[in-house]
Each structure stands twice: as structure tokens, then as C-alpha cells.
Amino acid sequence: MSAGQSSFSQFLTLAEAAKLLRFSRSHLSNVLHGKVQDLPHLPRIRVGRRVLLHRETLERWVREVETGPVETQSDQGAHPQIAEC
């Protein structure tokens, strides 16, 4: 297998990604369209009507969901907390 073929094998179809996550295809589609609250954006690639997800990006997204978003110092200043009176 050449390097070009192995990099393309790192892309998953919607059905493959759903199976890996143990989601239904429709639930994963809802996640991709932002219809599931409190979940971060999941990047995808569209090729015509086909939706592909990069395996490494999907694994990074799962880690973010498990641990919550990592805040940096610049994030903390960008979203100040509003104190309630």
C-alpha cells in the first residue's frame, strides 16, 4: 500500500463513523448539522453528496467531548463572566 492510499484510508464515511461511535447514522447527521445541543462542532468534508470524516479529527472530537473544551488564557479573557446582582 502506498502512502497516498494509506492517507485516504484515514477517511470514514458517515456510516463507518457512526458505527465506530456507536451512533445511528441519523444521530451523527444531527450532530454534524448542529442539532444536538452541548456538543462541539464536528468538522467534515463534503464531496458532492458524500460526507467524509477524518479519523484523527473524529478521535480528537471524542476526546474534547469527554474532557470538555480546553480553555486557554486568551479564551478566558474573550468571554468574561457576568456577575448576577
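The values are calculated or read from the model by the stated rules, or taken from the named source; none is laboratory data. Bear in mind that the values here come from a model prediction, so they are computed numbers and not experimental data. Neighbour counts run over all protein chains shown; Cβ positions are idealised from the backbone, glycine included.
Structure notes:
- Complete set of residues in the stretch 44-55 that are of a type outside the set (Val, Ile, Thr) and over 12 Å from residue 17 (Cβ atoms): 46, 48, 49, 50
- Test: residue 45 is of a type in the set (A, V, I, L, M, F, W, C) and modelled with pLDDT under 90: no
- Some residue of the stretch 26-41 being within 19 Å of residue 11 (Cβ to Cβ) and modelled with pLDDT under 95: yes
- Looking across the stretch 38-49, just one residue is of a type in the set (D, E, K, R) and surrounded by 10 or more Cβ atoms within 10 Å (Cβ to Cβ), and that is 44.
- Selection within the stretch 38-68 - in a helix (DSSP H, G or I) and over 11 Å from the mean Cα position of the chain (by Cα): 66, 67
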